[in-house]
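**Student:** Before I ask anything, let me first share the structure, which is written out below as structure tokens.
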Amino acid sequence: MSLHPGGKKATEELLAFADFDAGAKILDAGCGVGETVRYLRAQGYDAVGIDKAISSEEAFIYQGDITALPFADNSFDAVLCECVLSICGETMLALKEFARVLKPLGKLIAADVYIIGNEKQKVLQIERYSGQGWEKMLREAGFSLLKKEERTAWMREHYLQALWQGTDLKEKWGWDENYRAQGYQTGYMLWWAQKTEG
Amino acid sequence: MQVFQPSATFGRIVSSVCEAPCEAGCKLSELNSGINIRRLERASVMYGQYNQKKRFFISKKNKKTAVIGEDLFCLSAAYELAKKGYDVDVFSEYGALGESLDETLKGRVSREDILADMDIFKDMPVVFHFNRAPSKQSVEEILTTHEAVVLEQKIFASLFADGEIDAQTLQTSVDKIFTRKETSLPIIGAIADGKKAATTVDRTLQGVSVLEGRKNEGSYETTLYTSLDGVAPDKPVVPKGKEYTKEEAVEETQRCIHCECLECVKGCAYLKHYKSYPKKYVREIYNNLSIAAGHHTANTMINSCALCGQCKNICPFGLDMSMVCHLARQTMVETAKMPPSAHEFALLDMEHANGEEYFLAKHQSGTDKSSYLFFPGCQFGAIAPQTLQAIYADLSGRLKGGVGLMLGCCGIMANWAGQEAMFDRALQRLKEQWEELGKPTIVTACTMCNSVFEEFTEMKTVTIWQVLKEIGLPPGVTATSLEKAAIFDACGARDDEESRKIVRDMARQLGYEVHDLKYNHETSPCCGYGGLAAFANRQVAREMTDFAAGLDEAPYLTYCINCRDRVGREKSANHVLELIYGKDDIDSPSLSQRRYNRAKVKKQLLEEVWKESVMEKQNEIQITLHEGVEALLDERMILEEDIIKVIEQAEKTKCAILDRKTNHLIASRRVGNVTFWVEYEKENEQYRIYRAYSHRMMVEEA
Amino acid sequence: MEEKKVYESIEADASLVCGQCQEPLVKGSAKFSYMGNAFPVELPMCPKCKLIYVPEELALGRVLKVEKELEDK
């Protein structure tokens, strides 16, 4: 099964709106086993991937931390990050790294879990990962939001599929489950953002 | 060493000369002699690796404190104050660090060990000022520049002859001065007091309560209960040389019995099953209940407890896992978090027992008044219908004033399931029937029914044991056996000492030489039926039964029909009432047979006792179970009536799948919340059943 | 190019036929559902009357496991 909600359909939708030129340089941050990277390369993009827990023979897959990217400043046309930012430990750091490696007006396309928070709740973590919290983080990291799409159904589907197949989702979804355990609802969102100039 | 080094400040000194008050506190000292802790500490210093790179994270407090004197108390206080982030000046009349100790410990601790122990001050904010003989004037000077001063006890005594010392906090009647009171245990006591003084200084300077939360500071008596049953007294290892060799030390450590209680776990297969102990279970259950959404990992554990109360009665402190699990179930039901499959079968069984096939409430035949009302319970009729009829015949013949009969369930099944509303409804219905019959005294045959009525209703009850004690055994029943037997006590009789006693007397009267099991009376284990454990977790219930049956070689005598049924599948077991009134031909009926038994006993009683004619429920479908299928059905909790429903529908609609290989038909039908599948073959006018299985998910064409 | 998602796909045993239609069972689209969740699967069924077959291994294996998981959610 695909390792992120929506599977290939999600990657396609993320790419469709961004509309990159052939040969565009794309980084898949938190690429897992590199399925999406290979797909992107097959589509004619110059894609590379990085993941904390991967050791790959393939030259375009790097082992590394998305909060400390081993890439030069202004070197990518796009960064793709599916369902990784929320669990990478240092979301802000990672976003700033994305901004650093992106060329001016380069695009960040991200998909992740957000907390459908209670407005009255003033818990820092909840605010930070609410829909508004995510947008604030994007702004602070130097991005302007182009578009967002709610895709909670994908998450549900992904979750049920994993349940049926007996896949252990603790590592990937422990974050989500932790908030749901506290009584918050969670949703899934796609964001397209652009690196602000300068 | 990893354990010893961080916990003992001056490890080399302590391990050489500690008075070791702990050795007398060791549980083994009750048998012979405690573990030789001091020598083991010494061995760990000698043979272990001293980690020199000890680093503390110290948050600086920017306050100056002073220590005057250089004995173990003072050094310990200095070290602890520095650890808490204070700057410490130590004023000593000696010329170098360790000199004072060298003098007092001469010949007992080597100079090298003393100096090595002084290394802990290396990276600490402690400054030593030597050759500073203490005087009243110097102390007063120091008090002007430091916020607190810890004084060696003998210096305090000489400078402040009238000064008073609070033994608990080590504060003195002199402001900002702290010292030690005790002079006993000059080694370990002094080090402990140094730590205590530092804590008091810290709290004083931080402006927080000096006393709060210090009840268990230092050593205190443990509340841990550890049984020495089965521990043979042994002798401590005596070192051949001055101290232990490595091998001798290892040998001595092996004497340790690893103090722990676990008394309740030893007696309960359920508590054993989850490989931990109640404190952890309670935490897990608490966590389980506080989760709003997400995986409730402890559900099955909560539903596997027999709720029998054995643990509470074993525990020296009365910890009651039954109550915890029971409350957890009630909470789960209230918050709609109870897994639907957990108790459904049992609750449907209760519905059956209180439904038209079994429920009955009548005055004794030919009367319109009852002094008594016999209530055998839901499982007695299911497991031992013939015995039930014999008991009723006897009671209605010998008790005066009319003996009515009420067949049904007391509601405990719903109570166990955490279904309070359902439980209340069941009790309410029984109460109404009881009132209609003129509020007769209920005679219970099941200790569980009895305890339910006593705890939750105002209905007056007597147990069948009290009745039989009063009126004697039926005529003709005499002592026939000279067997030995062990009494297996029922969980329903936890608070019913009288029944437990009468049952034993009666067994003797019947000729048995009875003895108690290791776990007996109020601490007997569950047979595996209690708390609906067998419905929620067959495996754990099985383990409970095996544990119960394995406690003794002798045949068991029980006085609960469920105990007899479950234990009796593993070993020879009889219900005392079966010894008196006779046993049924099939004494371990299947789940389906139990239902037939209930219907049959009601029908027979109505026909034979009340002379009413009863229409027999005729199934048009007659089934035969292929070899092995009966056990399979019980395992899967599928009733023959479910199978009949499947076949009825399949034969009517012709909706079935044919397996050409075997010529068997496979059909399914949704009954309640379950889809049942049956593989069968029509054989003359009968249907032969080869297989049945079920699932709760709905399936449909997409 | 919407991909069709199926969590489980079970081939029909060649010896199984619909008792009524006499048609051999074939693999068809079905859906399991429990406690408000749906699971798309492919199961043996009659091509004509759509009678579905749930094999024992599936019922007592995956289906039971998922039931328990959902009940504990």
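**Student:** Restricting attention to the stretch B:285-299, and to residues there that are closer than 18 Å to B:Leu271 by Cα and open to solvent by less than 40 Å² (accessible area, probe 1.4 Å), which single residue is nearest to the other protein chains (Cβ to nearest Cβ)?
**Tutor:** That would be B:Asn299.
**Student:** Another question, then. Search the stretch C:3-16 for residues being over 16 Å from B:Ser668 (Cβ atoms) and assigned to a strand (DSSP E or B), and hand back the single one that is nearest to the other protein chains (Cβ to nearest Cβ).
**Tutor:** C:Glu8
**Student:** Which helices (runs of 4 or more DSSP H) does the stretch B:332-418 wholly contain that include 1 or more residues that are farther than 20 Å from B:Ser592 by Cα and under 31 Å from the mean Cα position of the chain (by Cα)?
**Tutor:** Values: elements: B:344-353, B:378-383, B:385-398, B:412-416.
So the answer is B:412-416.
**Student:** Tally time: how many residues in the stretch A:5-57 are open to solvent by less than 30 Å² (accessible area, probe 1.4 Å) and within 14 Å of chain C (Cβ to nearest Cβ)?
**Tutor:** Residues meeting the conditions: 6.
**Student:** Only one of B:Tyr559, B:Tyr529 is assigned by TED's automatic domain parsing to the domain that holds B:Thr447, of a type in the set (Ser, Thr, Tyr) and more than 22 Å from B:Leu633 (Cα to Cα). Can you tell me which? Talk me through it step by step, then tell me what you get.
**Tutor:** On the way: B:Tyr529 fails: more than 22 Å from B:Leu633 (Cα to Cα).
Among B:Tyr559, B:Tyr529, only B:Tyr559 is assigned by TED's automatic domain parsing to the domain that holds B:Thr447, of a type in the set (Ser, Thr, Tyr) and more than 22 Å from B:Leu633 (Cα to Cα).
**Student:** Scan the stretch C:19-68 for residues that are facing chain B (nearest Cβ under 8 Å) and in a helix (DSSP H, G or I) and jot them down.
**Tutor:** C:Glu56, C:Ala59, C:Leu60, C:Val63, C:Leu64, C:Val66, C:Glu67, C:Lys68
**Student:** Look at the stretch B:666-690 and say how many of its residues are at positive phi and touching a residue at least 60 places away in the same chain (Cβ under 8 Å).
**Tutor:** 1
**Student:** Is one or more of the residues making up the stretch C:6-27 aromatic (Phe, Trp, Tyr), under 9 Å from the mean Cα position of the chain (by Cα) and open to solvent by less than 30 Å² (accessible area, probe 1.4 Å)?
**Tutor:** No - not one qualifying residue is present in the stretch C:6-27.
**Student:** In the stretch B:80-96, which residues are in contact (Cβ under 8 Å) with a residue 40 or more places away in the chain, out of contact with any strand residue (DSSP E or B) (no Cβ under 7 Å at 6 or more places or on another chain) and over 18 Å from B:Thr204 (Cβ atoms)?
**Tutor:** Once the filter is applied, which keeps residues that are in contact (Cβ under 8 Å) with a residue 40 or more places away in the chain, out of contact with any strand residue (DSSP E or B) (no Cβ under 7 Å at 6 or more places or on another chain) and over 18 Å from B:Thr204 (Cβ atoms), the stretch B:80-96 yields only B:Glu93.
**Student:** Considering only the stretch B:373-380, I want to know if a residue exists there that is within 14 Å of chain C (Cβ to nearest Cβ) and within 30 Å of B:Lys266 (Cβ to Cβ).
**Tutor:** Just the residues of the stretch B:373-380 that are within 14 Å of chain C (Cβ to nearest Cβ), to begin with: none.
There is no residue in the stretch B:373-380 that is within 14 Å of chain C (Cβ to nearest Cβ) and within 30 Å of B:Lys266 (Cβ to Cβ).
**Student:** Against the condition open to solvent by less than 70 Å² (accessible area, probe 1.4 Å), of a type in the set (Phe, Trp, Tyr) and closer than 30 Å to B:Tyr220 by Cα, how does B:Phe128 come out, does it pass?
**Tutor:** Here the answer is no, as B:Phe128 does not meet what is asked.
**Student:** Provide a single number: the residues in the stretch B:122-139 that are part of a helix (DSSP H, G or I) and out of contact with any helix residue (DSSP H, G or I) (no Cβ under 7 Å at 6 or more places or on another chain).
**Tutor:** Qualifying residue count for the region: 2.
**Student:** Would you pick out the residues in the stretch B:646-702 that are at the interface with chain C (Cβ under 7 Å from one of its Cβ atoms), among the small types (Gly, Ala, Ser) and farther than 25 Å from C:Glu71 by Cβ?
**Tutor:** Within the stretch B:646-702, B:Ala656 is the sole residue that qualifies.
**Student:** Which one of these does B:Glu648 not meet: (1) over 30 Å from B:Gly472 (Cβ atoms); (2) assigned to a strand (DSSP E or B)?
**Tutor:** With respect to (1) over 30 Å from B:Gly472 (Cβ atoms); (2) assigned to a strand (DSSP E or B), B:Glu648 is out only on (2).
**Student:** Taking the stated definitions as given, is B:Leu633 part of a strand (DSSP E or B), buried (at least 19 other Cβ atoms within 10 Å of the Cβ) and of a type in the set (A, V, I, L, M)?
**Tutor:** It is false that B:Leu633 is part of a strand (DSSP E or B), buried (at least 19 other Cβ atoms within 10 Å of the Cβ) and of a type in the set (A, V, I, L, M).
**Student:** Considering only the stretch B:195-204, I want to know if a residue exists there that is under 27 Å from B:Val17 (Cα atoms), out of contact with any strand residue (DSSP E or B) (no Cβ under 8 Å at 6 or more places or on another chain) and open to solvent by less than 40 Å² (accessible area, probe 1.4 Å).
**Tutor:** Yes; the residues of the stretch B:195-204 include at least one that is under 27 Å from B:Val17 (Cα atoms), out of contact with any strand residue (DSSP E or B) (no Cβ under 8 Å at 6 or more places or on another chain) and open to solvent by less than 40 Å² (accessible area, probe 1.4 Å).
The values are calculated or read from the model by the stated rules, or taken from the named source; none is laboratory data. Being a predicted model, the structure only gives us computed values, none of them experimental. Quick reminder, even Gly has a Cβ in these numbers, built from the backbone with ideal geometry, and neighbours come from all protein chains shown. All accessible areas refer to the heavy atoms of the entire protein, side chains included, with ligands and DNA or RNA removed. Shrake-Rupley method; radii C 1.70, N 1.55, O 1.52, S 1.80 Å.
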